[in-house]
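Taking it in order: structure first as structure tokens, then the write-up.
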Amino acid sequence: MRLVITGGAGFIGSAVVELAATRGHPVLNIDALTYAANPDTLSTLASLPNYTFLQAEIGDSPTITKALDQFAPDTIIHLAAESHVDRSIDGPSPFIDTNIVGTFRLLEATRAHAASRRASEVRFLHVSTDEVFGSLGPTGSFDETSPYRPNSPYSASKAASDMLVRAWGETYGLAVLISNCSNNYGPRQYPEKLIPTVIEAARQGRPIPIYGQGTQIRDWLHVDDHADALLRIAADGQPGETYAVGGRAERTNLDLVRTLCAIMDERCPDTDWGRHENLITFVKDRPGHDQRYAVNTTKIEQALGWTPKTALREGLAQTVDWYLGNPGWIDRVRAQGFTGERLGHADPVGAV
């Protein structure tokens, strides 16, 4: 594949870029380098002849059109998005601008590029979230036929972008694919997210914030498994189809935090605060907090032969080890302006 990957300096995007480039695919990484992007994650790829980086907004139509014309991709994997629920509650406008308007403009640039190729198909994989489906009860799981019921500005913006992608496939004949994934985790995730927040708070002996009583349930997917799934969908998925991608690893938020604390107890046993679980603090729940997500991965497993490879505790231990071994990475993020608190709220970023 000759790949354009948008948002390739972000957490999931960088994993996809790294895997694609090391497998030998020519890759053009387009990223605006907003607050959550970190070009350091891709520094090892700079010397590869099949890797190119372009700093640009996906909504900058002239720049994107020129890039597509020059690079001539046959596949676009669209990951660029605003993705933090708390931030979407504080200020939804960037989510509308990037996730909806930006996706529209990227689709139009892709449509023009596909028309210029004439006989050659251009595949467009839109990477979305299981949050577009809303909240599950105590049983069942989301799959490709689940109705859309978004409950936050973030999930609503992703649901809207999903619908645009579908419409551009049906109306204009673009070879579009959509994936809806569960919660991702792994090394190099921006520290406002749950797992890095817990690790950093535990390392420093600060309170570990949990929304409500921590009873919300999430399905956890290692970012490297997700990257492998996305490349498989991009290469072999059926245009017009949607693929649900999950880790088959449901946990309550409280259980997940306790597991992280237990791993921290093993790695850092001598602390002034005793067991790291003693740092858990319950805070006021956030508005519109979905109770449970779970993803049925039967379709992608049967159609494309993909299954998640990383067991949750193994992946969490690997993630803890990475953060403990790379304190300079967190320091560089802080130097770029990350303070660890949500804008307009007293609750720390990453409360879950």
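Quick one: of the DSSP bridges fully inside the chain, what percent are antiparallel, nearest 5?
Taking every DSSP beta bridge within the chain, about 10 percent pair in antiparallel fashion.
Given the stretch 282-321, what whole percent of its Cα pairs are spread farther than 17 Å?
Percent of Cα pairs beyond 17 Å in the stretch 282-321: 62.
When all protein chains stay in place, what accessible area (Å², nearest 10, 1.4 Å probe) is found for M163?
For M163, solvent-accessible area is about 90 Å².
Roughly how many debye, to the nearest 20, is the charge dipole of the stretch 1-149 about its Cα centre, given +1 on each Lys and Arg Cβ, -1 on each Asp and Glu Cβ, and no other charges?
It comes to approximately 560 debye.
Please compute, over every Cα-Cα pair in the stretch 1-141, the percentage with a separation greater than 23 angstrom.
36
Give the Debye-formula value of log10 I(q)/I(0) at each listed q (0.13, 0.22 Å⁻¹), with one equal scatterer per alpha carbon of the stretch 143-251, two decimals each.
For the requested q values the scattering log ratios are -0.64, -1.36.
Run the dipole for the stretch 28-109 about the Cα centre, Lys and Arg Cβ at +1, Asp and Glu Cβ at -1, nothing else charged, and hand back the magnitude in debye, nearest 20.
120
Determine the dipole magnitude for the chain: charges of +1 sit on the beta-carbon of Lys and Arg, -1 on that of Asp and Glu, nothing else is charged, the reference point is the Cα centre, and the result goes in debye to the nearest 20.
It works out to roughly 280 debye.
Which of the listed residues, L125, I89, W322, is farthest toward the dipole's positive end in the chain, when Lys, Arg count +1 and Asp, Glu count -1 at the beta-carbon?
L125
Can you give the calculated 222 nm mean residue ellipticity of the chain, where each DSSP H run of n ≥ 4 adds -39,500 (n - 2.57) and the sum is split over every residue, rounded to the nearest 500 deg cm²/dmol?
The per-residue figure over the chain is -12000 deg cm²/dmol.
At 1.4 Å probe radius, can you tell me the per residue accessible area of the chain in Å²?
For the chain, the solvent-accessible area averages 41 Å² per residue.
Pairs K158/K299; K158/K193; K193/K284: which exceed 24 Å Cα-Cα?
none
Heads up, I need the accessible area for S141: 1.4 angstrom probe, whole protein in place, Å², nearest 10.
Its accessible surface works out to 50 Å², give or take rounding.
Is the stretch 247-308 rounded, prolate or oblate when judged by the Cα gyration tensor, a ≥ b ≥ c being the square roots of its eigenvalues, rounded requiring a/c under 1.5 and prolate requiring a/b larger than b/c?
Cα axes put the stretch 247-308 in the oblate bin.
Ignoring any ligand, DNA or RNA, what whole percent of the accessible area of the chain comes from carbon and sulfur when the probe is 1.4 angstrom?
50
Taking the Cα centre of the stretch 87-186 as the origin and placing charges on Cβ (Lys, Arg +1; Asp, Glu -1), which of S116, G169, G137 is farthest toward the positive end of the dipole?
Positive-most Cα among the choices belongs to S116.
Give the dimensionless ratio obtained when the Cα radius of gyration of the chain is divided by 2.2 N^0.38 Å.
The reported ratio for this selection is 0.96.
5 Å is the cut-off here: which amide hydrogens, built 1.01 Å from N in the peptide plane, fall below it relative to V283, excluding neighbours closer than 5 in sequence?
The list, which skips near neighbours in sequence, is I210, Y211, G212.
Please calculate the 1.4 Å probe accessible area of D69, with all protein chains present, and give it to the nearest 10 Å².
D69 exposes around 90 Å² with every protein chain in place.
Work out, step by step, the length gained on full extension between Q302 and T171: first 0.36 nm times the residue separation, then minus their alpha carbon distance; give nm to one decimal.
That works out to 44.3 nm of additional length.
The values are calculated or read from the model by the stated rules, or taken from the named source; none is laboratory data. Note that the coordinates shown come from a computational prediction; the quantities given were computed from them, not determined experimentally. Neighbour counts run over all protein chains shown; Cβ positions are idealised from the backbone, glycine included. Areas reflect the complete protein model, heavy atoms only, side chains present, ligands, DNA and RNA absent. Shrake-Rupley method; radii C 1.70, N 1.55, O 1.52, S 1.80 Å.
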